[in-house]
Amino acid sequence: MPLTLPSRAPSGPRRRTLLASAAGAFALAGCSASEPSTDTAGGSPSAADRARARAARDSEDLAGHYAAVIAAHPALAERLTPLRAEVVRHAKAFGDGAHATASPSATVSATAAGAPASASASPTVPTDPKDAVGELAAAERTLADGRTKALVELPGELARLLASVAAAGAAHAYLLSEGAK
């Protein structure tokens, strides 16, 4: 009698996915912000510094979104506080946005290092906790996708940092969306 396999695949993340996420988180723990470099022509921040500052601001904005949801729905605090703490660490890894500021003439587009600037406005939190968590998951997913697309434009160390943070954001989105079911 031939051996038959189960008819349905196991639900949840695969072991490789979890290990890759853990490896990315481990790599991120060793990352730190570097001193800003400047273009030799005019002393202005380099494209990498602008991308780093943008990524820091995006993480700060996302941490603010988490804080708003936690304030509006205190029952979600236990679930969301650890994820928010990770997002705060991401902002610190990028340098808290203090090294450079993006300008309208920046060569890195607004979406190159993350979400559009309009997402950084003070978020309006839905009254339904499931909708609020769903919005957080969507924000994490959008930011992770934008960061992943930006990798090709960035130098090695910053690209690795951005990749690690994008992987963590994708894991956060998964945790938020799977926990809502």
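When the surface is traced with a 1.4 Å probe over the full set of protein chains, K149 keeps roughly 150 Å² accessible.
Rounded to the nearest 10 Å², what accessible area does E140 have for a 1.4 Å probe in the complete protein model? Using a 1.4 Å probe on the heavy atoms, I get roughly 10 Å².
The values are calculated or read from the model by the stated rules, or taken from the named source; none is laboratory data. Since this is a predicted model, take the numbers as computed values, not measurements. Calculation scope for accessible area: heavy atoms of the full protein, side chains included, ligands and nucleic acids excluded. Shrake-Rupley method; radii C 1.70, N 1.55, O 1.52, S 1.80 Å.
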